[in-house]
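Rule-based calculations on the coordinates, nothing more; no lab input. All values derive from a computational prediction rather than experimental measurement. Here Cβ is always computed from backbone atoms with ideal geometry, including for glycine, and neighbour counts include all displayed protein chains.
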Amino acid sequence: MISKRAQLLSPSETLKITALAKQLAREGKSVISLSAGEPDFKTPPHICNAAIEAITDGFHGYTMNTGMPELREAISDKLKRENQLDFPADQIVLSNGAKQSIGFTILATIDPEDEVLIPAPYWVSYPEMVKLAVGVPVIVKTTFENSYKLSAKQLEKAITKKTKALILCSPSNPTGSCYTRSELEELADVLKKYPDILIFSDEIYEYIVFENEHVSILNAAPELADRTVIINGFSKGFAMTGWRLGYMAGPKRIADAVAKIQSQETSAPSSISQKAGLAAYTGSMKPVEEMRKAFQKRRDYIVGELSSIPGIKCFKPAGAFYVFPDIHHHLGKKTPDGATIETSTDLAMYLLEKFGVAAVPGDAFGEPSGLRLSYAASLENLEEAVKRLKAGFDSLS
């Protein structure tokens with residue numbers, strides 16, 4: 001009765017851990033969740049006020065399937081102004097979140113048996129989205145020593161006659177790593193030799209970069225524009241997770257194909273959310289900068305604390321709001337009741353159930369030696385979480 005397509009998919013491990021943490025909290029247990037990729041800040045007031053005004057003004061109807069022309073123009077202007085990228089409004093499609101944007105982009109371009117290269121650690125949904133399109137996710141394992149970034153040599157080795165696309169995420173979920181311009185240039189030099197390979201560049205964390213400015217692969221190699229899709233949205237940088245608003249910007253043929261799928265699946269995103277998005281891209285960026293500074297302070301704190309735990313290695317991520325420490329030293333150890341921590345999933349469940357800290361196991365991201373911790377939580381909660389984590393790791397023998 002259930003389709004083979006649905007049976008191929010695995011549920012999101014991130015959402016699973018988050019749901020379990022909420023369940024334990026409802027049962028009265030003290031839980032600090034470092035699992036969800038959600039800023040703990042409120043949406044900036046000027047954005048909220050734009051939505052309220054849209055409601056009171058009666059802006060309640062459907063918009064164009066691809067989104068409000070004014071917002072697509074604002075996105076086009078933003079891409080040119082901030083990113084030096086040229087995407088006319090008719091090459092932009094708004095959707096119900098960046099997740100939908102990349103999902104529909106994959107559905108619009110991937111055929112059965114097409115291979116899609118996905119560097120690991122990867123965001124949990126990438127391989128599942130490829131499976132949903134009946135494509136073949138090809139996982140390319142990266143290393144802690146290279147901050148979990150794909151090298152040109154690894155890319156070249158992974159390409160086959162069936163390779164249809166490469167997914168890049170910078171800043172990265174789950175590692176927080178950011179590709180430099182020179183690293184992207186090296187990847188681009190490989191891709192230039194294979195003109196039929198598409199590039200899906202997920203840049204949803206672009207406003208949360210700490211040391212340097214965000215760099216897109218199209219900044220490093222503008223000549224790839226005819227086969228590159230930029231995925232972005234409002235959830236992370238503007239703390240607008242619940243507004244469900246994202247977009248893709250890409251070649252006209254791909255934008256048109258995405259729009260066709262969207263017209264049959266969901267149509268345009270909420271009109272109210274689109275008005276909020278317009279305010280985000282045309283209003284003050286001061287709240288975004290304040291959030292970025294807060295995230296940087298939290299990052300510095302948690303990296304320092306995790307690095308002080310024996311057996312834990314943790315590099316300082318350049319962006320996003322995650323750390324992805326190497327915990328392999330603790331695999332194989334035993335808990336006080338004699339259970340063996342065989343996997344990062346075992347470790348995550350142990351830390352949640354016994355010490356009240358929710359983290360996402362590296363297994364979910366294709367890297368069994370890691371553990372994703374979100375520092376999109378207050379510094380007070382992070383301090384308490386660190387105490388519990390230290391106690392948890394110290395209890396293993």
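Structural remarks
- The C-alpha atoms of the chain define a longest principal axis, and helix 98-109 lies at about 60 degrees to it.
- For Cα extents along the principal axes in Å, computed directly from the structure shown, the correct entry in (1) 60, 54, 51; (2) 69, 49, 38; (3) 64, 46, 39 is (1).
- Label point 7 Å beyond Cα of residue 185 along Cβ direction - residues of the stretch 192-229 with amide nitrogen under 18 Å: 192-193, 212-225
- The magnitude of the dipole of the stretch 216-368, with charges of +1 and -1 set on the Cβ of Lys/Arg and Asp/Glu and taken from the Cα centre, is near 560 debye.
- Listed by Cβ neighbour count within 10 Å, with the fewest neighbours leading, 26, 181 appear as 26, 181.
- Magnitude of the charge dipole, the chain, Cβ model with Lys/Arg +1 and Asp/Glu -1, debye to 20: 480 debye
- The residue 394 and residue 143 beta-carbon pair, evaluated with R₀ = 25 Å, returns a calculated FRET efficiency of approximately 0.35.
- Degrees, to the nearest 10: 271-282 long Cα axis against longest axis of the chain: 90 degrees
- Point-charge dipole on Cβ atoms (K/R +1, D/E -1) for the stretch 293-375, about Cα centre, debye to 20: 460 debye
- ³J(HN,Hα), Karplus 6.51/-1.76/1.60, whole Hz, each residue of the stretch 217-232, x for Gly, Pro: 4, 6, 6, 7, 8, x, 5, 8, 4, 6, 9, 10, 10, 8, 10, 8
- The calculated 222 nm mean residue ellipticity attributable to helices in the chain amounts to -12500 deg cm²/dmol, summing -39500 (n - 2.57) over DSSP H runs of n ≥ 4 and dividing by all residues.
- Taking Cα atoms only, the orientation of helix 181-191 departs from the longest principal axis of the chain by about 70 degrees.
- Extension gain, residue 2 to residue 80: 0.36 nm times the residue separation minus the Cα-Cα distance gives 23.5 nm.
- If R0 is taken as 41 Å, the Cβ-Cβ distance between residue 379 and residue 26 corresponds to a FRET efficiency of 0.95.
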